[in-house]
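Q: I'd like to ask you about the structure that follows.
The values are calculated or read from the model by the stated rules, or taken from the named source; none is laboratory data. The structure presented is a predicted model; accordingly, all values stated were derived computationally and were not measured. Neighbour counts are summed over all protein chains in view; Cβ atoms, including those assigned to glycine, are modelled from backbone coordinates with ideal geometry.
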Ligand code: TYM
């Protein structure tokens, strides 16, 4: 088993990332046997699709590295690194650009969402983004890729690319990866709009819970979260057509390790005035220890840089054979 996943180091780790992906990374790392290996990385090469000052980029890479370690990624057991330090990602991306089809990229919903109406002025990087993501996965022969729902289409493209490359060059080089998407919490929604996903690019900070929010901020955000005037239903069926209620109950169920049905049964007939403080408490108790570890780790840049440097060396060594084999398969290297 080869587990691999990445996260963009732009802004804070938020509850969507944590419940949708990172918790699963930690679980997979902790359940790994001796023959398996986990690779987790900061997708800083993907983050260049949004302009940022160099100093902020350096800061954000360290922030996200600290957040992942605080959340439970152990750099001694998993390979933790940033993509820019392993040039094989960019190299394989370019090789795969020969195989990727424009029609495939035109169908990517994330590009459409992010480029918006003004597509002509979107960066080329944003368009080719899924090819770099495929390179990230295929370089390490990853078998399992834990992600949130929004990355599913990119992983389907990764599988298509691997299949076409193998067929075009008559090789069995790339492994087809399986996405691992949690049943609950695969899509945590904004606290301000139950139909939009929780995201670091939302201009309103009230829309998301950040790992760095203190206890008061978390309670405030939950208190101000958008809801409807109805009481909570007896079962999860009654959440249909109530996106905000559905989201908050889903978050509660995930944190408490139970189902939306069980949460509804517990709070049936009560209003959000009773539910929200309970949800706030649960969030505070879950996030507080992670935040404390984060603050501790974040105070030592040298230690964080050393973790990433060690990770990059291990990742480069693991990526090398596949990259060379891709060059050879294409007749670019003997
Ligand atoms: P990114 O940085 O947007 O998000 C990191 C992970 O968090 C998940 N996620 C969510 N899950 C549930 N609800 C939400 N509201 C929510 N928001 C984010 C994402 O699904 C993701 O798993 N392209 C990727 C990074 C990447 C990558 C890769 C992932 C680059 N190369 C190779 C896997 C394999 C991204 O931008 O994720």
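Q: Yes or no: region 180-187 includes at least one residue that is under 30 Å from residue 222 (Cβ atoms), within 12 Å of the ligand (Cβ to nearest atom) and in contact with a strand residue (DSSP E or B) (Cβ under 7 Å, 6 or more places away or on another chain).
A: yes
Q: Condition check: in contact (Cβ under 8 Å) with a residue 40 or more places away in the chain, within 14 Å of the ligand (Cβ to nearest atom) and surrounded by fewer than 15 Cβ atoms within 10 Å (Cβ to Cβ). Does residue 142 satisfy that? So that I can check it myself, show each step before the final result.
A: Values: in contact (Cβ under 8 Å) with a residue 40 or more places away in the chain: yes; within 14 Å of the ligand (Cβ to nearest atom): yes; surrounded by fewer than 15 Cβ atoms within 10 Å (Cβ to Cβ): no.
No: the conditions fail for residue 142.
Q: Still on this structure: State whether the residues of region 147-167 include one that is in contact (Cβ under 8 Å) with a residue 24 or more places away in the chain, within 11 Å of the ligand (Cβ to nearest atom) and in a loop (DSSP other than H, G, I, E, B).
A: Yes, region 147-167 has at least one match.
Q: Applying the selection to region 11-27, what residues are touching a residue at least 24 places away in the same chain (Cβ under 8 Å) and either assigned to a helix (DSSP H, G or I) or assigned by TED's automatic domain parsing to the domain that holds residue 222 (or both)? Walk me through how you get there before you give the answer.
A: Taking region 11-27 first, the residues touching a residue at least 24 places away in the same chain (Cβ under 8 Å) are 11-26.
Once the filter is applied, which keeps residues that are touching a residue at least 24 places away in the same chain (Cβ under 8 Å) and either assigned to a helix (DSSP H, G or I) or assigned by TED's automatic domain parsing to the domain that holds residue 222 (or both), region 11-27 yields 15, 16, 17, 18, 19, 20, 21, 22, 23, 24, 25, 26.
Q: With the condition kept exactly as written, say whether any residue in region 29-42 is within 20 Å of residue 212 (Cα to Cα), more than 6 Å from the ligand (Cβ to nearest atom) and part of a helix (DSSP H, G or I).
A: No, region 29-42 contains no residue that is within 20 Å of residue 212 (Cα to Cα), more than 6 Å from the ligand (Cβ to nearest atom) and part of a helix (DSSP H, G or I).
Q: Another question, if that's okay. Do we find a residue being more than 9 Å from the ligand (Cβ to nearest atom), at positive phi and surrounded by fewer than 22 Cβ atoms within 10 Å (Cβ to Cβ) anywhere in region 63-84?
A: Yes, region 63-84 contains at least one residue that is more than 9 Å from the ligand (Cβ to nearest atom), at positive phi and surrounded by fewer than 22 Cβ atoms within 10 Å (Cβ to Cβ).
Q: I want to confirm something. Restricting to region 115-139 and keeping residues that are loosely packed, with under 15 Cβ neighbours inside 10 Å and part of a helix (DSSP H, G or I), which single residue is farthest from the ligand (Cβ to nearest atom)?
A: For region 115-139, the residue satisfying everything is 120.
Q: Further, regarding this structure: Among (1) within 23 Å of residue 284 (Cα to Cα); (2) buried (at least 16 other Cβ atoms within 10 Å of the Cβ); (3) touching a strand residue (DSSP E or B) at 6+ places or on another chain (Cβ under 9 Å), where does residue 252 come up short?
A: Among (1) within 23 Å of residue 284 (Cα to Cα); (2) buried (at least 16 other Cβ atoms within 10 Å of the Cβ); (3) touching a strand residue (DSSP E or B) at 6+ places or on another chain (Cβ under 9 Å), the lone unmet condition for residue 252 is (3).
Q: Which numbered condition trips up residue 1, out of (1) in contact with a strand residue (DSSP E or B) (Cβ under 9 Å, 6 or more places away or on another chain); (2) within 13 Å of the ligand (Cβ to nearest atom); (3) closer than 19 Å to residue 145 by Cβ?
A: (2)
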